[in-house]
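Enquirer: Structure incoming, see below.
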Amino acid sequence: MATLIEPVVIDQMTPIPFKVRTVREELSHTFTLELEPPDGEFHFEPGQFTMVYAFGIGEVPISISSSASEKSSLQQTIRRTGAVTHALGTVIPGRHHVGIRGPYGTPWPMKQARGRDLLIIGGGIGLAPLRPAIYHALENRDDYERVVVLYGTRTPDDILFETELRRWGDRDDITTLITVDAADRGWYGAVGVVTRLIGRVGFDPSNTTAMVCGPEIMMTVTAERLMEGYAMAPENIYVTMERNMKCGIGVCGHCQFGEKFICVDGAVFPYTEVGHLFDIKGV
Amino acid sequence: MSEMYVSGQSGIGRLIQALAERGHRVIGPVVRNEALVYDEIKGVEDLPKGWTDLQEPGRYRLEQRGDEKLFGYVVGSASWKQFLNPPETVLWSGTLSPEGFRTDPLPEPPKYAFFGVRPCEVAAMQVLDNVYGSDNGTPSMGMRTATRELTFIVAVNCVEPGGNCFCVSMDTGPTANSGFDISITEIAHNGNMRYLIESGSEAGTEILDEIVGLEEPTDAEIAAQESSLAEAAANMGRTLDVEGLPELLKGNARNPRWDSIADRCLACANCTMVCPTCFCNTIDDNLSLDGKHATRTRKWDSCFTLGFSYMHGRPMREGVGARYRQWITHKLATWVDQFDELGCVGCGRCITWCPVGIDITQEAAAIRRADLRDTPIGIGGLA
């Protein structure tokens, strides 16, 4: 009965094995897997995520942290928080595989932001899903006006992709500032929340697209600062959301956020679509 | 309207037989463990002749009717989703190999015939088709779509709604208008049980053509059917005012009423288990002792459990009030944003099987009475 789509037996829930090329320890609890697509190429857009599967242990949503123009490999930056992420951290390069489904989700608005200033603001591991956007901006530098990266993290020991951030800091076609919440005596940089860096960089609020990723409270405070302090329109502020998705294709129900399925309607959202949900407890 | 037939109970038996002969596993209502459940039936003698189910908030009892009705009950205790979207299904299993792992072939989807599907339940299947279908860009998960396509649906219209029924409010009953292969209405006419049978699809017509002994209904029988169904529509146990409901619920995310529900709700998840449209699920992983064979099993999950929203060491929906709000707001509000229809069909199961009798229609009405959208507390809801 009923007219339906073609029967799908082996469906999108079955992951494809990708060989692990390298495992790089980034921070004490964070590592990056470099993976080899079995058919040679993997296509995605900056901001998208995959479901990463550790054989027999489980599957977790992880955003892609490598450049979208580099199609022959795929990098996923992962923090050890539970059984699956710990298992993913024990894989042996060249020998083990991890399962991949995807890419899923909406991308950062790289096309819509052409001809505008880019204000890229990351908190903690939130820099990982932003890195493909930064790579894209640098690879297509003429498409954008000013490119600004502001990064906040807990301590100087928690600076993700530090070598790269420092290298971008030395370039004059991109502005990169770092701040930490708490510092020791060896730190000579900024201390305080990431929003305090906004006033230290030049950008044209009327012609800027902001891309923000970090803890929900950090994204809320940042978006409010940009709207109230700089009169930025909420539709030009993008955030990326996270939930404990099980399917990635809008049928498990775990990532519901108001009327949104974060996995298919996001994870990247203009602030206009989700801003009103942030201050309701337990949405 | 397609051709209409009428028969006695023997015709119903021949229909069950014909479906079985066509290779369908026929599932229908049976009485077991003092409840009316859906399970395999072999013939008309398996149907719950003379039984009914009394349903009230938090209360369910089987009783003898004192008549010969086959379909004199309200609705099965658990819905048909247990067959189309089983509580546990192996999504896939696989074995380690040099290329990573190889997946095992999946079993063939079962070929069911559902016998005695209430109009609200037909509607619920269509609601889930939209969830699992391609409408929102989300392809099928597991075997549901394949199983669904093979399933033959025999709907049975409702002439005696139960105490918790509100299909008229949800526009899903008491008469099934589409989504079935055959529909049946049971009427007591001149002291006999008569079954008015209609086809709703080519497959339905084909099978009805083969069944011997079906007669043409008399005008009096057709009139009796019409009046029974009209009477049923007028006798709903409950009503739910759906006018402006999505905006109402989304605008009342901060209503203190949620706290009052939290004081009563046990977060037991019964309502989501018996709901014919609740589709949330999770995935369990199993690994063989030698570490070489893995199985991923999809299982029903519920937004009422604390673990459902667990992320980075804490639940996102900590309070029971937030979890009830999520459930009712999804059913009656955000479902419309997602799938262009309401997610409730008015079957009343969530009211019956709630251990403390929380009533979705009453809670929606309570929010309407205490609408806070025009007060400071109402500003910035989910809307």
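Enquirer: Kindly put A:131, B:317, B:22, B:257 in sequence by how many other C-beta atoms sit within 10 Å of each C-beta, fewest to most.
Expert: Working: A:131 26, B:317 22, B:22 15, B:257 18.
Going from least to most buried by this count: B:22, B:257, B:317, A:131.
Enquirer: So if R0 is 25 Å, what FRET efficiency would residue A:201 and residue A:111 give, r being the distance between their Cβ atoms, rounded to the nearest 0.05?
Expert: Numbers: r = 24 Å, r/R0 = 0.94.
The formula returns an efficiency of 0.60 here.
Enquirer: Two decimals, Cα atoms only, Kirkwood Rh: what is Rg/Rh over the range A:117-277? If you can, show how the numbers build up before the last one.
Expert: On the way: Rg = 15.9 Å, Rh = 16.3 Å.
Using Cα coordinates only, the ratio equals 0.97.
Enquirer: Once whole DSSP H runs in chain A are found, which of them have Cα atoms spread over 15 Å or more along the helix axis and a mean Kyte-Doolittle score of at least -0.5? Spell out each step's value before the answer.
Expert: Working: long enough: A:127-139 (17 Å, 0.43); A:216-230 (20 Å, 0.13).
The qualifying helices are A:127-139, A:216-230.
Enquirer: For a Förster distance of 30 Å, can you work out the FRET efficiency between the beta-carbons of residue B:206 and residue A:43, rounded to the nearest 0.05?
Expert: Working: r = 47 Å, r/R0 = 1.55.
The value I calculate is 0.05.
Enquirer: Check residue B:118: other-chain or 5+ apart residues with amide H under 5 Å from its amide H, H built from backbone geometry?
Expert: Amide H neighbours of residue B:118: B:156.
Enquirer: Listing A:151, B:60 from the residue with the fewest other Cβ atoms within 10 Å to the one with the most, what is the order?
Expert: Details: A:151 26, B:60 18.
The fewest-first ordering by Cβ neighbours comes to B:60, A:151.
Enquirer: Given the options B:206, B:99, B:341, state which has the largest fluctuation in a GNM of chain B using a 10 Å cut-off (strictly under) for Cα springs.
Expert: Top of the fluctuation ranking is B:99.
Enquirer: Right, another one. Report the one residue of A:84, A:67, A:38 whose Cα lies farthest in the direction of the positive end of the charge dipole of the range A:16-104 (charges on C-beta: Lys and Arg +1, Asp and Glu -1; origin at the Cα centre).
Expert: Sorting the options by dipole projection puts first A:84.
Enquirer: Taking the Cα centre of the range B:245-378 as the origin, how large is its charge dipole in debye, to the nearest 20, when only Lys and Arg (+1) and Asp and Glu (-1) carry charge on their Cβ atoms? If you can, show how the numbers build up before the last one.
Expert: Working: 17 positive and 15 negative charges, 29 e Å.
Computed about the Cα centre, the dipole is about 140 debye.
Enquirer: Over the range B:299-349, calculate the relative contact order: mean separation of alpha carbon pairs under 8 Å at least 6 apart, over the residue count, as a percent.
Expert: Values: 33 pairs, mean separation 11.2, N = 51.
The normalised contact order for the range B:299-349 reaches 22 percent.
Enquirer: Quick one: what Rg and Dmax do you get for the range A:16-104 from the alpha carbons, in Å?
Expert: Radius of gyration, then largest Cα-Cα span, for the range A:16-104: 11.6, 33 Å.
Enquirer: Which of B:198, A:216 comes first, and how do the rest follow, when ranked by fewest Cβ neighbours within 10 Å?
Expert: Working: B:198 22, A:216 14.
By the 10 Å Cβ count, ascending: A:216, B:198.
Enquirer: Between residue A:230 and residue B:178, what FRET efficiency comes out of the Förster formula 1/(1 + (r/R0)^6) with R0 = 60 Å and r the beta carbon distance, rounded to 0.05?
Expert: Values: r = 54 Å, r/R0 = 0.90.
Step by step, r from the Cβ atoms, then E = 0.65.
Enquirer: Hey, another quick one. Which whole-number percent is the relative contact order of chain B (Cα, under 8 Å, 6+ apart)? Spell out each step's value before the answer.
Expert: Values: 748 pairs, mean separation 81.9, N = 383.
Taking the mean separation of contacting Cα pairs over the length of chain B, I get 21 percent.
Enquirer: Run down the lysines and flag those whose C-alpha is under 22 Å from the C-alpha of residue B:292, throwing out any fewer than 8 positions away in its chain.
Expert: A:19
Enquirer: Something else: Specify the residue with the greatest mean-square fluctuation among B:11, B:116, B:162, computed from a Gaussian network of chain B linking alpha-carbon atoms under 10 Å apart.
Expert: It is B:11.
Enquirer: No other cysteine beta carbon under 4.7 Å away is the test; run it over chain A and list who passes.
Expert: Within chain A, the cysteines lacking a partner Cβ under 4.7 Å are A:213, A:255, A:263.
Enquirer: So between residue B:314 and residue B:40, what do we pick up on full extension, going 0.36 nm a residue minus the alpha carbon distance? Write out the running numbers ahead of the final one.
Expert: Numbers: separation 274, 0.36 × 274 = 98.64 nm, distance 4.27 nm.
Full extension of this stretch gives 94.4 nm more.
Enquirer: Set Lys and Arg Cβ to +1 and Asp and Glu Cβ to -1, take the dipole of the protein assembly as shown about its Cα centre, and tell me which of B:101, B:76, B:175 lies farthest positive.
Expert: Value: B:101.
Enquirer: What per residue convex hull volume, in Å³, do the alpha-carbon atoms of chain A yield? Spell out each step's value before the answer.
Expert: Values: hull volume 43.9 nm³, N = 283.
Measuring per residue, one finds 155 Å³ for the Cα hull of chain A.
Enquirer: Distance in nm between label sites at residue B:262 and residue A:142, each 7 Å beyond Cα in the beta-carbon direction?
Expert: The answer from the label model is 5.7 nm.
Enquirer: Here's another thing I want to ask about it. If you take every DSSP beta bridge whose two residues both sit in the range B:69-223, what share of them, in percent to the nearest 5, is antiparallel?
Expert: 65 percent
Enquirer: Separate question: Determine Rg/Rh for chain B; Rg is computed over alpha-carbon atoms and Rh is the Kirkwood hydrodynamic estimate from the same atoms. Walk me through the intermediate numbers first.
Expert: On the way: Rg = 22.4 Å, Rh = 22.4 Å.
That ratio equals 1.00.
Enquirer: Further question on the same structure: For the protein assembly as shown, with equal point scatterers placed on the C-alpha atoms only and solvent neglected, what are the log10 I(q)/I(0) values from the Debye formula at q = 0.05, 0.10, 0.12 1/Å, to two decimals?
Expert: Here the Debye-derived log intensity ratios amount to -0.29, -0.97, -1.24.
Enquirer: With +1 assigned to the C-beta of every Lys and Arg and -1 to the C-beta of every Asp and Glu, and no other charges, what is the dipole magnitude of chain B about the Cα centre in debye, to the nearest 20? Before the final figure, lay out the partial values.
Expert: On the way: 35 positive and 52 negative charges, 359 e Å.
The dipole magnitude comes to about 1720 debye.
Enquirer: Still on this structure, I have one more. Using a simple spin-label model with points 7 Å from Cα along the Cα→Cβ vector, what separation in nm is obtained for residue A:69 and residue B:22?
Expert: Here the answer is 6.0 nm between the modelled labels.
The numbers here are math on the coordinates, done by the rules we state, and not lab data. Note that the structure is a prediction, hence the values are computed from the model and not measured. Don't worry about glycine lacking a Cβ; one is built from the backbone with ideal geometry, like all the others, and counts go over all protein chains shown.
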